[in-house]
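These notes are about the structure you will find just below.
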Amino acid sequence: MARKITDLDKRGDLILRFSTPYTKDLRICSRTLARASVIFEKMLFGPFKESQKEGEEWIVELPEDNLLPMTTVLAIAHGCHRIVPTHVTIPELFEILVLSNKYSMTYLFRPYLRRWIPRTKDVKFGDDTLMFAWITREIGAKELFEGAILELARYRANDGKIGFCIGNKDEDRDSVYNAQIRFSGILDIIAVTQMALLKGVLEPVREAARQALSSQVCNKYSSRNHKAKECADLLLGSLIRECKSIGIDPGITCLTDELASYPHSVNKVYWTVNLMRLHTLPGHDECSMRAAAMRTDTLRAFTDDTVKMSPSQQEYFQKQAEISGWYETH
């Protein structure tokens, strides 16, 4: 049975053939494609197997490429704007950018970024947040990238893996998605940011425990007075009880090795501290303010929006933004 051909250029001299069984071949113009992509220019007009053979129909097989996102990329290159989607989902845009990066064609999307990428900086945590982080990295949208990283660092459980995002089964590890995510270095940035946030939200708890252990928490009596010790013991006991609900050790040293295996999200720690009810002796209202101070310090740490990146990572964002024209279109 003959394959049905979709014409992106009805006068085109080149057919691109995809391996998936339900696909259609695409007829395109080889010179248009070569102008749009230096990679295709070398493939088609260099000493490679994809170059035209005299007396034969020019067919190039792209078995590893997905037809649907490739059709969008090629439609833009050929000026077939009528079939370019007005809106795309995050997974769809991910596939498009994987191919455009592969063939050095991301610059073609400048007119479409306003439609395809949300302009808001208010990134919300969800199933596609990691994929969105990768997308924003590839177009050089640094602020959106940092927003996605912070959401992942605050809200994902620190379970020693990122399985809910990219899968942890052996057969999944070589997928295009996993390969792109792991190669990008995004997981390292998330881990560093998450460790910094965990240290920040746990430090006020540790400080309260230190003060209680030294009986310095009581503002009504000197540390040598037995009432001051009773006040500190009450506060420390309630602090330990509240922390135990999510497995926090108030004496945790906050070393990276310890926090790397800590089982809860930064968000859960924050809300546990925020809702803590710490007890002191009756009439020690000023001592009870320690809990309020702890909550204030924890909130300050939780809302810290610092995302540390290496100089090479910073340079990558600048380079990608120049390619995509992100800051020219927004």
State all residues of segment 82-123 that are closer than 19 Å to residue 323 by Cα, modelled with pLDDT of 90 or more and under 17 Å from the mean Cα position of the chain (by Cα); if no residue qualifies, say none. 93, 94, 95, 97, 98
Residue pairs, Cβ under 8 Å, 6 or more apart or interchain, first in segment 58-78 and farther than 18 Å from residue 13 by Cβ and not assigned by TED's automatic domain parsing to the domain that holds residue 19, second surrounded by 16 or more Cβ atoms within 10 Å (Cβ to Cβ) and of a type in the set (A, V, I, L, M, F, W, C). List them. none
Residue 82 passes all but one of (1) surrounded by 17 or more Cβ atoms within 10 Å (Cβ to Cβ); (2) in contact with a helix residue (DSSP H, G or I) (Cβ under 9 Å, 6 or more places away or on another chain); which number fails? (1)
Unique residue being buried (at least 19 other Cβ atoms within 10 Å of the Cβ) and in contact with a Ser or Thr (Cβ under 6 Å, 6 or more places away or on another chain) when the list is 30, 37: 37
Considering only helices (runs of 4 or more DSSP H) wholly within segment 256-330, the ones with at least 3 residues that are at pLDDT below 90, surrounded by fewer than 18 Cβ atoms within 10 Å (Cβ to Cβ) and not hydrophobic (A, V, I, L, M, F, W, C) are 256-259, 285-302, 326-329
With the first residue restricted to segment 274-285 and required to be within 12 Å of residue 228 (Cα to Cα), and the second required to be at pLDDT 75 or above, Cβ contacts under 8 Å at 6 or more apart or on different chains are 280/234; 281/230; 281/234
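The values are calculated or read from the model by the stated rules, or taken from the named source; none is laboratory data. No experiment lies behind these values; they were computed from the predicted model shown. With ideal geometry, Cβ positions are generated from the backbone for all residues, glycine too; neighbour counts draw on all protein chains shown.
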